[in-house]
Amino acid sequence: MATSTGMSATAYQKRRRQLMRLAGNDAILVLPAAPERNRSRDTHYPYRPDSDLWYLTGFAEPSAVLVLVPGRKHGEALMFCRERDPEREGWDGPRVGPEGAVETLGMDDAYPIDDLDEILPGLLEGRTRVYYHFGRDTEFDLQLIGWLNRVRAQVRLGAQPPHEFLELGHLLDEMRLFKTADELKLMRRAAKISVEAHAAAMRAARPGIHEYALQAELEYVFRRHDAVPAYESIVGAGANACVLHYRANDAMARDGDLVLIDAGAEYRGYAADITRTFPVNGRFSPAQRALHAVVESAQQAALAQARPGVAYEAGHIAAVEALTEGLLRLGLLKGKLEARIADGSYKRYYRHKTGHWIGLDVHDVGDYRIEGESRLLEPGMVFTIEPGLYVSADDTSVDAKWRGIGIRTEDDVLVTKTGHEVLTTGLARTADEIEAFMADAR
């Protein structure tokens, strides 16, 4: 049974079963939909389903709760959702409804969301453990406590309330960290759309263009391919590239400026995340090229560590070494390599880590460390590699030619059985490739 999410209903059923197996037969798992968010007065932000609920159901409506009750004879996977309502659907669009949740989502049973208050206490009764994301939705936290208290009030009548409350992420984050073939198909699509979008922005670049015009080029490509921005697109010209989460996107790119674009498409819930830094006039200055080459060497060093059995942190360590070595060579740092790494001097120019997990969330779930040690990479993990260098525009301690240069290069990388695959391949990355691409575009 196919769904519009790019995955079959069977794939979601398989995930639900795996999660229930991990939770055990005396557990109950409760996953509410993300609430709608008010933008201003009576307008809302575009609705984005909760990633965990999406991962387990492919269901995209608000006002819903998934309840998993492992081993329950009358059905283990239950959905509470809005009923069909022709009047409301005329305003807000079609709803799946409880019947549709069984037919199209493969639920064992489904009920109107208004019946949750009546039915959930009975489902909690007799279960020893509750898995839930505590503290994420205060309003729902209070509702859940109310239902638990109703079961506790019946103890003298023989009711057995749950006595253990566990963080759902403990089980689910680990599942989501390893991407299936279905998920990788969608991630490759998100990556391909993002590559095309970055190429369109590079083609449009010219001195005098505003950052928001480049953002429009990117996001036009996203929407044209049925994707949306996975996060707020960062388009920073000149010294704005040194602001890591720059969001104004309203300055003009002047002749001689570099433009840093950090943007990715979200396709069927899955994110891509790419950064490129290029000269708005198509030619790097010697100083810009020198720093760009250092960032490139750091990315190559980190990529070399992207293979099974290597510690996740090894990529960051390799990138820091390459960046620090380059800074010393160019005279932006002084002294010995080991000493400058040990005392963290490089952090003046490189303040962030070299990557993060990516999937249904741009900064995706999953532990980076296990029992205090950096975890080892395994096939199916996907993460970004994003070294950068940022020289403040008002740093008078360095030669004027370096000031106000911000450079980052980022790609999405899948760990395979034998090494890695760069998902965001096919986009100019080195200074030579970027100059050649921009020359062709003109």
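The values are calculated or read from the model by the stated rules, or taken from the named source; none is laboratory data. In this text the structure is predicted, and so the values were computed from the model without any measurement. Quick reminder, even Gly has a Cβ in these numbers, built from the backbone with ideal geometry, and neighbours come from all protein chains shown. Note: areas computed on protein heavy atoms with side chains; ligands, DNA, RNA excluded. Shrake-Rupley method; radii C 1.70, N 1.55, O 1.52, S 1.80 Å.
Quick grid of which residues meet (1) over 14 Å from Ala200 (Cα atoms); (2) among the aliphatic types (A, V, I, L, M); (3) under 14 Å from the mean Cα position of the chain (by Cα); (4) at pLDDT 95 or above:
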position: Ala237; (1), (2), (3), (4): yes, yes, no, yes
position: Cys242; (1), (2), (3), (4): yes, no, no, yes
position: Tyr246; (1), (2), (3), (4): yes, no, no, yes
position: Ala251; (1), (2), (3), (4): yes, yes, no, yes
position: Asp255; (1), (2), (3), (4): yes, no, no, yes
position: Ile261; (1), (2), (3), (4): no, yes, no, yes
position: Gly264; (1), (2), (3), (4): no, no, yes, yes
position: Gly269; (1), (2), (3), (4): yes, no, yes, yes
position: Asn281; (1), (2), (3), (4): yes, no, no, yes
Okay, strands (runs of 3 or more DSSP E) sitting entirely in region 252-341 with 2 or more residues that are of a type outside the set (A, V, I, L, M, F, W, C) and out of contact with any His (no Cβ under 8 Å at 6 or more places or on another chain), I get 274-279
Filter result (loosely packed, with under 15 Cβ neighbours inside 10 Å and assigned to a helix (DSSP H, G or I)) within region 122-151 | Gly122, Thr138, Glu139, Leu142, Ile145, Gly146, Asn149
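Listed here are the residues, each with its yes/no results for (1) open to solvent by less than 10 Å² (accessible area, probe 1.4 Å); (2) modelled with pLDDT under 95; (3) of a type in the set (A, V, I, L, M).
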{"residue": "Ser8", "(1), (2), (3)": "no, yes, no"}
{"residue": "Arg15", "(1), (2), (3)": "no, no, no"}
{"residue": "Val30", "(1), (2), (3)": "yes, no, yes"}
{"residue": "Ala64", "(1), (2), (3)": "yes, no, yes"}
Per the filter on region 69-82, residues in contact with a strand residue (DSSP E or B) (Cβ under 6 Å, 6 or more places away or on another chain) and either β-branched (Val, Ile, Thr) or open to solvent by 100 Å² or more (accessible area, probe 1.4 Å) (or both) are Val69
Identify the residue in region 365-379 that is part of a loop (DSSP other than H, G, I, E, B) and either more than 17 Å from the chain's Cα centre (by Cα) or among the hydrophobic types (A, V, I, L, M, F, W, C) (or both) and, among all such residues, is surrounded by the most Cβ atoms within 10 Å (Cβ to Cβ).
-> Leu377
Out of the residues in region 395-418 that are surrounded by fewer than 20 Cβ atoms within 10 Å (Cβ to Cβ) and among the charged types (D, E, K, R), state the one that is nearest to Ala301 (Cα to Cα).
-> Lys417
Which of the residues belonging to region 380-394 are crowded, with 17+ Cβ neighbours inside 10 Å and not small (Gly, Ala, Ser)?
-> Met381, Val382, Phe383, Thr384, Ile385, Glu386, Pro387, Leu389, Tyr390, Val391
